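> I am attaching a structure below and will ask some questions about it afterwards.
The values are calculated or read from the model by the stated rules, or taken from the named source; none is laboratory data. Because the structure is a prediction, the values reported are computed rather than measured. Backbone-built Cβ (ideal geometry, glycine too); neighbour counts: all protein chains shown. These area figures cover heavy atoms from the full protein model, side chains too; ligands, DNA and RNA do not enter into them. Shrake-Rupley method; radii C 1.70, N 1.55, O 1.52, S 1.80 Å.
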Amino acid sequence: MIFNYNSRINFHRLLNLINIKKLEILDFGCGNGIWELSKINNKRIKKIVLYDKNKKLLPKLRKKYKNIKIKINFNFNSLVNNKKYNLIIFSSVVQYIQKSDFIKIIEKITKNKKNKTFIAIIDIPFLPRPLEFILMPFFNLRRFFYVLKIFFLKKYKKLDYYTYKKNDFNPLKKKFKIKYIRNLHDLIYLRYSLILESK
């Protein structure tokens, strides 16, 4: 994704919230890749699959990740048919997906899954984009300058942008226990995260 500022996810806290010993992770909307060697080598991580709809990222990701734990799969249908994932991460992605489409994506990925599954939705905006932009320098000056750099790009302006209230996730309550938490990203006051745990 163009709004790719993922390097500050609090992975330690995220892994503490997931009570599964061996993790098979799907990073949905992986962008340029957030996985550093120290995170990949965590003993709990068995495999990480990277997916993004932007196929132009493939060469860059293949060059960046030659680790045996990292797999790159940009075939959505193949992802849907894979039942092994037990942690699915959406980091800085949800704001670019229409609400009804996002619910459908989760339903497709988790359909017929029998094993315990967690979904981490990280960096969820709840304020209108202009208001968040005005407040951002007070909470994270570094990210503000990053956003300022891309704010006027044509490609960025064309992107649809969605905010999410907590009740927008209510349709998922039938299948998941929902835990709302402070953002696992670096904008802890302007955005939030949530963990879904399959029932």
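> So if I restrict to the alpha-carbon atoms in the stretch 1-91, what is the Rg, and what is Dmax, the biggest pairwise distance, in Å?
12.5, 35
> Moving to a separate point now. How large is ³J(HN,Hα) for each residue in the stretch 78-94, as worked out from phi by the Karplus curve 6.51 cos²θ - 1.76 cosθ + 1.60 (θ = phi - 60°), to whole Hz, x for Gly and Pro?
Karplus-based 3J(HN,Hα) across the stretch 78-94 equals 5, 4, 4, 7, 7, 9, 8, 4, 10, 9, 10, 10, 10, 10, 6, 10, 4 Hz.
> Summarise the accessible area of the stretch 45-123 (1.4 Å probe, protein heavy atoms) by the percent that is carbon and sulfur.
Carbon and sulfur together cover 51 percent of it.
> In addition: Kindly write out, for the stretch 9-22 in residue order, the coupling ³J(HN,Hα) from the Karplus curve 6.51 cos²θ - 1.76 cosθ + 1.60 (θ = phi - 60°), rounded to whole Hz, with x marking Gly and Pro.
5, 7, 5, 4, 5, 4, 5, 5, 8, 10, 8, 10, 6, 10
> For the chain, with every protein chain kept in place, what is the accessible area per residue (1.4 Å probe, Å²)? Write down the numbers at each step before the final one.
Values: 10780 Å² over 199 residues.
Accessible surface, normalised per residue, equals 54 Å².
> Moving to a separate point now. Around Asn167, under 14 Å between beta carbons, what's the net of Lys plus Arg minus Asp minus Glu among the other residues?
+3
> What's log10 of I(q)/I(0) for the stretch 90-129 at q = 0.31, 0.33 Å⁻¹, Debye sum over Cα points only, no solvent?
-1.16, -1.21
> How big is the charge dipole of the stretch 34-178 about its Cα centre, in debye rounded to the nearest 20, if each Lys and Arg gets +1 on its Cβ and each Asp and Glu gets -1 on its Cβ?
Dipole magnitude for the stretch 34-178 comes out near 800 debye.
> Okay, next question. Please give the length that would be gained between Asn67 and Lys199 if that part of the chain were fully extended, namely 0.36 nm times their separation in residues minus their C-alpha to C-alpha distance (nm, one decimal).
That works out to 44.2 nm of additional length.
> With the cut-off at 32 Å, tell me which of the pairs Lys66/Lys116; Lys43/Lys199; Lys21/Lys56; Lys108/Lys149; Lys60/Lys149 have Cα atoms farther apart than that. Display every interim value, and only then the final one.
Numbers: Lys66/Lys116 29 Å; Lys43/Lys199 26 Å; Lys21/Lys56 34 Å; Lys108/Lys149 35 Å; Lys60/Lys149 22 Å.
Checking Cα-Cα distances, Lys21/Lys56; Lys108/Lys149 exceed 32 Å.
> I would also like to ask the following. Given H placed on each backbone N at 1.01 Å, which residues far from Ile88 in sequence or on other chains put an amide H within less than 5 Å of it?
Distant-sequence amide H within range of Ile88: Leu26, Phe118, Ile119, Ala120.
> Between the stretch 80-142 and the stretch 47-79, what is the C-alpha centre distance in whole Å?
18
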